[in-house]
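K.L.:
Input: one structure, supplied below.
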Amino acid sequence: MTGEYSVNILPHRIHLTLDDCETLFGSIEADRISENGNRNFADTGMKAVLTGPGGIIRDVPVFSPLSNSKTEVLITINDSKNLRLDPPVCTSSNDTTTPGITIEGSKNKLSLSSGVFVPQRRIYLRPQRAVDPKLREGDTVFAAPLMKNYGNNRSGTRVLIFGDVKVLYSNDITSGFYIDEEEAAAAGLKDGDFIRILGKPATPEHRGDRYINKKKRLVTENDVRQAMMRGEKIMVESWMLVTPAARELGNTHRIFTE
C-alpha cells in the first residue's frame, strides 16, 4: 500500500445549490454556472461574504460543482476561529450535525441553519483503478509527502505525517490527494507535489520492548515513518541494511537504537 498521489490544494469555498445561487447572485449567474456544467473544484469567479457569530470572512470563492442536495460551506480551522464556530471535520455535511452561517452574495443574503464543516483530508480514486484489495472506499489511511533532492537542498524537510486521510471513490473527480491551503502550507506542499500512502491504522501490539521487528533485513524510509507513527524504535544490528533516506530520517528523529 505505497501508491503515490498528486497533491491538489483547495481554498475555503462554497458549493451552492442552483436555487441558492440564484438567490445570492441572480438568475443570469445561476444560468451561467449551470450551462458551463459541473466542473469539479473549479472557481466560478463569484465571491461571497461569510458572517458567523463572532466574525466575517470576505471574498470567499464559490466553486462548482453545484450541489444537488444542500448548500455547503467548507472552511479551515483558522476560519472557524475567526467566525467563532465549532464545525466538525468530515467529508460531507450529510455525515454529521453541522452549524449554520449567513452568506452574502452580490444580490442578496441567505441564512443557513447547517452546512458548515472543515473538509477531511482525502484521496479520490477511480473505482476501476482501485485495484489494491487492501484499499477500499471509506478506509482511513496515513500518508506523507514525498521528499525530493534539489542539489544540497531538500524539499519537504518538514517531516509531517497526515492521519485520518479518507479514501473515496469517484468517477467524476480527478484522482489525487485533496487538502486545504492551511494544511498544505504547514507541510510545505504545493499543487503537483506527491504524497505516498503509508498504511492503515493498526491495532497496537502488546510488546514488552516496543521495538520493531528485529528480523527485518532491509530498513526503508517507510519503516522509519511507520515507527514514528506508532511511537516505536528500530533496533539496527550489524547484519541489517538501512537505506540512506531511512538513515537520515531515523537519525533526525532518534528512531534508531544500536
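Derivation of every value follows stated rules applied to the coordinates shown; laboratory data play no part. Treat the numbers as computed from the prediction; the structure is a model and nothing was measured. So basically every Cβ, Gly included, is an ideal-geometry build from the backbone, and we count neighbours across all protein chains shown.
K.L.:
Compute the Kirkwood hydrodynamic radius of segment 218-257, taking the inverse of the mean of 1/r over all pairs of distinct Cα atoms, and give it in Å to one decimal.
P.N.:
Taking the inverse mean of 1/r over all distinct Cα pairs, segment 218-257 comes out at 9.7 Å.
K.L.:
Over 28 Å between Cα atoms: which of Lys81/Lys109; Lys70/Lys134; Lys81/Lys190 fall into that group?
P.N.:
Lys70/Lys134
K.L.:
Further question on the same structure: Around Val118, with a cut-off of 15 angstrom between Cβ atoms, what is the net charge of the other residues, counting Lys and Arg +1 and Asp and Glu -1?
P.N.:
That works out to -3.
K.L.:
I need the P(r) histogram for segment 11-119: all alpha carbon pairs, bin width 10 Å from 0 out to the longest distance, whole percents.
P.N.:
16, 53, 29, 3
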